[in-house]
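The values are calculated or read from the model by the stated rules, or taken from the named source; none is laboratory data. Computed from a predicted model, the values in this text were never measured in an experiment. Every residue, glycine as well, gets a Cβ built from its backbone with ideal geometry; the counts of neighbours run over all protein chains shown. Quick note on the areas: whole protein, heavy atoms, side chains included, nothing else; ligands and nucleic acids left out. Shrake-Rupley method; radii C 1.70, N 1.55, O 1.52, S 1.80 Å.
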Amino acid sequence: FDAIGTKTCQIMFPGRFNDILQADKHYIALNRDSSNIEDVLRRFRDLSYREKMVDVTYDYVMAYHTYRHRMRDIERLIS
């Protein structure tokens, strides 16, 4: 989340990430065997692609996944 907060494009292996982040929507997914490395690097080098991805990811996290959202959810559970 720190990288998202600073609008840093991430390259990561696909995973669950608390079921919040989606591969190739919120981060560039690198296959574990690196078989898609050329595509990953091409997309990473594309400034407009990278900017759009980090903006979409930042907006999504700020709208639904901040500490304020977590605390609101906890408050709802205990009330």
Exposure ranking of Ile78, Ile37, Ile28 by accessible area [1.4 Å probe, largest first]: Ile78, Ile37, Ile28
For the chain, alpha-carbon Rg and Dmax in angstrom: 14.8, 51
Dipole magnitude (debye, nearest 20) for the chain, charges at Cβ of Lys, Arg, Asp, Glu: 140 debye
Computed [θ] at 222 nm, helices only, for the chain once each DSSP H run of length n ≥ 4 contributes -39500 (n - 2.57): -17000 deg cm²/dmol
Residue-by-residue Karplus 3J(HN,Hα) for the stretch 44-57, coefficients 6.51, -1.76, 1.60, Hz, glycine and proline x: 5, 6, 7, 4, 5, 4, 4, 4, 4, 4, 5, 5, 4, 5
Heavy-atom SASA rank of Ser34, Ser79, Ser48 (probe 1.4 Å, accessible area, largest first): Ser79, Ser48, Ser34
Listed residues Thr57, Thr66 arranged by accessible area, highest first, probe 1.4 Å: Thr66, Thr57
Rough spin-label spacing in nm, given labels placed 7 Å along Cα→Cβ, for Val56 and Gln10: 1.6 nm
Heavy-atom surface of the chain, accessible at 1.4 Å and reported per residue (Å²): 75 Å²
Amide proton proximity set for Asn36, modelled H, under 5 Å, gap of 5+: Asn31
